[in-house]
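Dumping the structure here so I can ask a few things about it.
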Amino acid sequence: MIDKRVKNAKEAIQGIESGMTLMLGGFGLCGIPENSINALVESNITDLTCISNNAGVDDFGLGLLLQKRQIKKMIASYVGENAEFERQMLSGELDVELTPQGTLAEKCRAAQAGIPAFYTPTGYGTEVAEGKEEREFHGKMHILEHAYEAEYAIVKAWKGDYTGNLIFRGTARNFNLPMAGAAKITIAEVEELVEPGMLDPNEIHIPGIMVQRIFQGEKYEKRIERVTTRKRKD
């Protein structure tokens with residue numbers, strides 16, 4: 001069995017260079033690879049193209065990379081709660097490619113499965129379809145979408161063993177799962193790193209063959225993206 005453990009996030013991101021394309025898992029602030037993002041923030045890496053569902057909030061996660069102007073292009077499904085993301089997009093400082101959420105997930109999954117492209121009806125007749133091949137299937141128009149090409153995918157899992165087998169939990173499965181194995185190199189940070197054989201094979205979501213580096217993260221904040229309250233009834 002191949003031991004894919006690295007010491008920490010700083011070691012895990014070795015090889016990532018300015019100008020590269022990265023996939024980063026998570027949904028809002030749920031399941032984001034916090035430690036790896038922080039290591040990128042502390043590096044001098046710039047001009048990144050980041051593929052992620054959204055960029056979280058201003059002072060956490062990908063928002064920290066945006067603050068330091070380390071991201072050149074953001075490929076996401078929506079702006080979300082990040083005011084700095086919105087400001088940079090509207091001012092033209094940041095190149096933004098907004099993609100329907102399901103299409104974004106499928107472009108990741110296609111890359112994971114080795115499928116170069118696929119047809120989808122989503123976005124036909126809108127700005128999303130501009131410049132893309134169109135084709136009719138069963139009386140319905142579709143557009144051709146290409147799988148993403150990224151040098152690194154960085155995901156966060158609940159549990160993993162040092163051969164790279166991963167288990168995700170709850171909402172964190174959303175984009176972490178299709179991104180794992182969808183790039184040339186996949187980095188996985190986990191809340192709990194265990195010995196091989198300690199994970200139930202029936203519960204494993206991603207097999208170790210899809211992961212090249214793994215480490216146990218620390219000090220996870222697990223923030224809530226937007227806190228809403230209502231008055232308690234007496």
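The values are calculated or read from the model by the stated rules, or taken from the named source; none is laboratory data. Quick caveat, the model's predicted, so the values are computed rather than measured. With ideal geometry, Cβ positions are generated from the backbone for all residues, glycine too; neighbour counts draw on all protein chains shown. Ligands, DNA and RNA are stripped out before the accessible areas are found, and what is left, the full protein with its side chains, is counted by its heavy atoms. Shrake-Rupley method; radii C 1.70, N 1.55, O 1.52, S 1.80 Å.
Residue by residue through the range 56-94, note down the ones that are without any contact (Cβ under 8 Å) to a residue 12 or more places away in the chain and not in a loop (DSSP other than H, G, I, E, B).
GLU86, ARG87, LEU90, SER91
Only one residue in ILE154, ILE143 is among the hydrophobic types (A, V, I, L, M, F, W, C), within 19 Å of PRO178 (Cα to Cα) and modelled with pLDDT of 95 or more. Which one? Before the answer, list the steps.
Working: ILE143 fails: within 19 Å of PRO178 (Cα to Cα).
ILE154 is the lone residue from the list that is among the hydrophobic types (A, V, I, L, M, F, W, C), within 19 Å of PRO178 (Cα to Cα) and modelled with pLDDT of 95 or more.
Can you pull out every residue in the range 194-213 that is part of a loop (DSSP other than H, G, I, E, B) and either out of contact with any helix residue (DSSP H, G or I) (no Cβ under 8 Å at 6 or more places or on another chain) or more than 21 Å from ASN174 (Cα to Cα) (or both)?
Here is the first cut: in the range 194-213, the residues part of a loop (DSSP other than H, G, I, E, B) are 195-200, 204-205, 207, 211-212.
Answer for the range 194-213, where residues must be part of a loop (DSSP other than H, G, I, E, B) and either out of contact with any helix residue (DSSP H, G or I) (no Cβ under 8 Å at 6 or more places or on another chain) or more than 21 Å from ASN174 (Cα to Cα) (or both): GLU195, PRO196, GLY197, MET198, LEU199, ASP200, ILE204, PRO207, VAL211, GLN212.
Scan the range 205-225 for residues that are open to solvent by 50 Å² or more (accessible area, probe 1.4 Å) and among the aliphatic types (A, V, I, L, M) and jot them down.
Selection gives ILE209, MET210, ILE224.
Which condition does GLU191 not pass, out of (1) buried (at least 16 other Cβ atoms within 10 Å of the Cβ); (2) farther than 25 Å from ILE37 by Cβ, if it passes all the others?
(2)
Related question: Assess whether GLY123 counts as being in a loop (DSSP other than H, G, I, E, B) and either at pLDDT 95 or above or open to solvent by 60 Å² or more (accessible area, probe 1.4 Å) (or both). Working first, answer last.
Numbers: in a loop (DSSP other than H, G, I, E, B): yes; either at pLDDT 95 or above or open to solvent by 60 Å² or more (accessible area, probe 1.4 Å) (or both): yes.
Judged against the criteria, GLY123 is a match.
Can you tell me which residues in the range 184-232 are among the acidic types (Asp, Glu) and in contact (Cβ under 8 Å) with a residue 40 or more places away in the chain? Before you say what the answer is, go through the steps one by one.
Let us first name the residues in the range 184-232 that are among the acidic types (Asp, Glu), namely 189, 191-192, 195, 200, 203, 218, 221, 225.
Result: GLU189, GLU218, GLU221, GLU225.
So, one more: Looking only at the range 97-120, how many residues end up being surrounded by 18 or more Cβ atoms within 10 Å (Cβ to Cβ), aliphatic (A, V, I, L, M) and within 30 Å of ASP58 (Cα to Cα)?
Residues that pass the stated criteria total 3.
Determine if the range 133-141 includes at least one residue that is touching a residue at least 12 places away in the same chain (Cβ under 8 Å), surrounded by fewer than 15 Cβ atoms within 10 Å (Cβ to Cβ) and out of contact with any Pro (no Cβ under 8 Å at 6 or more places or on another chain).
The answer is yes, given that some residue of the range 133-141 is touching a residue at least 12 places away in the same chain (Cβ under 8 Å), surrounded by fewer than 15 Cβ atoms within 10 Å (Cβ to Cβ) and out of contact with any Pro (no Cβ under 8 Å at 6 or more places or on another chain).
Of all residues in the range 142-178 being open to solvent by less than 30 Å² (accessible area, probe 1.4 Å) and acidic (Asp, Glu), which is farthest from ILE206 (Cα to Cα)?
Here the residue is GLU145.
Starting from residues that are in contact with a strand residue (DSSP E or B) (Cβ under 7 Å, 6 or more places away or on another chain) and more than 22 Å from ASN174 (Cβ to Cβ), keep the ones in the range 16-58 and report whichever is least open to solvent (accessible area, probe 1.4 Å).
ILE16
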